[in-house]
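These notes are about the structure you will find just below.
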Amino acid sequence: MSLLKPTQPLLRLLLNRQWTPTNQRIRLRPQTQASLSHPPQQSFSSHTPHNHQENRMTESSNLPKTEEEWRLRLDPEQFRILRKKGTEMAGTGEYNKHQPDHGIYECAGCAAPLYRYDHKFNSGCGWPAFFDAFPGAVSRHEDRSFGRVRTEITCTNCGGHLGHVFKGEGYGHPTDERHCVNSISIKFNESTPAAEDKLNPKY
């Protein structure tokens, strides 16, 4: 019997060595299986083409704060008109005779939506003409330059100069107004009809 005593601890040690790795393998199997059945998900940027279309507008907090910053953001002609309240020559603008069947006209300075395609009409004045704008998109200011009183219109989001608004000219539109806008001040965005309707109901 005395010869067996030394072997019992040895047997226990051997048994422990045999079962410990097995126990570890059993304990790890569910984790391994779970990791295989649920691989890491790929993260996608929020700036997909669809989202980019909806988030084109530069928020007011991210807009240039000084005229020098605007000068870096805009080309010289855009800066002259949008920031210095200039006017392009009549009949020379890109959108003077532009008459699409869908889409949105945005501010060239910050991409804020300003006008629907069906707000636009042919006034024959030499500049793009609109009879209405998206609610709150355009602000009005008294303009006493050149010895006369007019109503200036600017982009509400960034303050960029768009042109002037005239009333009572008899074009027969619902608002009886003509927004006389510089082509340089706007950019056309060929949006989807759903996006147009989301911004403003159709006339």
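The values are calculated or read from the model by the stated rules, or taken from the named source; none is laboratory data. The structure displayed is predicted, hence computed values, not measured ones. Here the Cβ is made from the backbone with ideal geometry for all residues, glycine too, and neighbour counts use every protein chain on show.
Looking across segment 143-157, the residues that are part of a helix (DSSP H, G or I) and either of a type outside the set (F, W, Y) or within 16 Å of N189 (Cα to Cα) (or both) come down to S145, G147. Once segment 174-203 is narrowed to residues that are at pLDDT 95 or above, out of contact with any Ser or Thr (no Cβ under 8 Å at 6 or more places or on another chain) and part of a loop (DSSP other than H, G, I, E, B), the residue that is surrounded by the fewest Cβ atoms within 10 Å (Cβ to Cβ) is D176.
Taking the criterion of being surrounded by 13 or more Cβ atoms within 10 Å (Cβ to Cβ), farther than 24 Å from T58 by Cα, of a type outside the set (A, V, I, L, M, F, W, C) and free of Cβ contacts under 8 Å to residues at least 24 places away in the same chain, would at least one residue in segment 152-162 satisfy it?
Residues of segment 152-162 that are surrounded by 13 or more Cβ atoms within 10 Å (Cβ to Cβ), as a first pass: 152-162.
Okay, now just the ones that are also farther than 24 Å from T58 by Cα, so none.
No, segment 152-162 has no match at all.
Which one is nearest to N182 (Cα to Cα), of the residues in segment 82-115 that are among the β-branched types (V, I, T) and either part of a loop (DSSP other than H, G, I, E, B) or free of Cβ contacts under 8 Å to residues at least 12 places away in the same chain (or both)? Walk me through how you get there before you give the answer.
Initially, segment 82-115 is screened for residues among the β-branched types (V, I, T), giving 87, 92, 104.
This time we only want the ones that are either part of a loop (DSSP other than H, G, I, E, B) or free of Cβ contacts under 8 Å to residues at least 12 places away in the same chain (or both), so: 87, 92.
Working: T87: 7, T92: 10 Å.
For segment 82-115, the residue satisfying everything is T87.
Scan segment 119-142 for residues that are part of a loop (DSSP other than H, G, I, E, B) and under 15 Å from N157 (Cα atoms) and jot them down. Once the filter is applied, which keeps residues that are part of a loop (DSSP other than H, G, I, E, B) and under 15 Å from N157 (Cα atoms), segment 119-142 yields A133, F134, P135, G136, A137. Within segment 94-107, the residues that satisfy the criterion of being more than 18 Å from T154 (Cα to Cα) and touching a Phe, Trp or Tyr at 6+ places or on another chain (Cβ under 9 Å) are E94, N96, H98, Q99, P100, D101, H102, G103. Hey, any hits in segment 83-93 for a residue that's within 12 Å of L162 (Cα to Cα), over 25 Å from the mean Cα position of the chain (by Cα), modelled with pLDDT of 95 or more and among the small types (G, A, S)? The answer is yes, given that some residue of segment 83-93 is within 12 Å of L162 (Cα to Cα), over 25 Å from the mean Cα position of the chain (by Cα), modelled with pLDDT of 95 or more and among the small types (G, A, S).
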